[in-house]
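The numbers here are math on the coordinates, done by the rules we state, and not lab data. Values in this document were obtained by computation on a predicted structure and should not be read as measured data. With ideal geometry, Cβ positions are generated from the backbone for all residues, glycine too; neighbour counts draw on all protein chains shown.
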Amino acid sequence: MFFYQTLATLLMATAIVQAVPVVKEARGFTKCKLPSRTQCSKVAHGFPAAPGIGDHVGIKRFAWVSEHLQEGDKLARSSAPNYRRGDTDQYLSSAGVKFLQQQGITHVISLNSAAHSKEMKDKLKSGGIAYTPLPVRDFGPPTLEDLKTGWEAFKKNRTGGTLVWCGYGHGRTGTMISALQLYAEHERSNPKYLTYAEFQDNLVEKPVQFDILRVLKKVLIEEDIMMDVIKKMKDKGSKPDSKKAAQ
């Protein structure tokens, strides 16, 4: 057992190292053809145009995500509360907390660059809402570690509803939403990983954001292949030798 665990660890480390160059290679041709943020709010697949159900409490572009998740998963996305022009605009009112509770939100993942705001942490805590701050600069990409942390937090709070926000609610939020969907597919025996077009539908904005998702997707696919190889090795090793059995 120790041998297979060690082998799996080494193979995964190799997969990550091999996947990282994809970021550099992709930058030469990855183009974001999305319209402006204002236009996106009107045309995005599955997301409501303004005004939305959370607008009255400053939580704009609130929408539930249903595809590429496990049965029973509850995942939503939105802008940061009361976002206007910059990340530090965020402010969650008592009415905003009540809205989140009414929607069944029990956990928030924030990629806002000011995610570690004590005021935000205290406000969510007062409403009994778990919080995972993963600050990322506007238009920037989360790291692989950020995406993994977001996934682990999502799993920990899987019995409730998770809401992802950043600032406006597009690029960084779309990147985390896509990552959570990739991880959820990775749990399946026959995963159907997201395509580039689906990353676009999730409103991923910048080449570097597409790039990190390409890397994550590549790592997960290679892990699938490696684990299948290890499983076959274990199965082969557990089979009795037919000649010895005959003796």
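A compact table of results
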read-out	value
Restricting the range 163-202 to GluC sites (Glu not before Pro) in coil, as DSSP defines it, with at most 16 other Cβ within 10 Å	E187
Under 16 Å from K60, Cα to Cα: aspartates and glutamates that are on another chain or at least 8 residues apart	D87, D89
Peptide ranges 52-59, 74-81 listed from the most packed, as the mean C-beta count within 10 angstrom indicates	74-81, 52-59
The range 143-246 - convex hull of alpha carbons, volume per residue in Å³	129 Å³
Translational diffusion coefficient (Stokes-Einstein; Kirkwood radius from C-alpha pairs) of the range 121-190 at 37 °C, 0.692 mPa s, in µm²/s	252 µm²/s
Kirkwood Rh (inverse of mean 1/r, distinct Cα pairs), the range 77-215, angstrom	15.0 Å
Ranking of V208, V229, V215 by count of other Cβ atoms within 10 Å, fewest first	V229, V208, V215
Proxy reagent accessibility, fewest Cβ within 10 Å first, across W151, W64	W64, W151
Which of I212, I129 has the fewest Cβ neighbours within 10 Å, and the rest in rising order	I129, I212
Extended-chain gain in nm, criterion 0.36 nm per residue less alpha-carbon gap, R137 and N190	15.6 nm
Convex hull of the range 72-117 built on C-alpha atoms - directionally averaged projected area, nm²	3.6 nm²
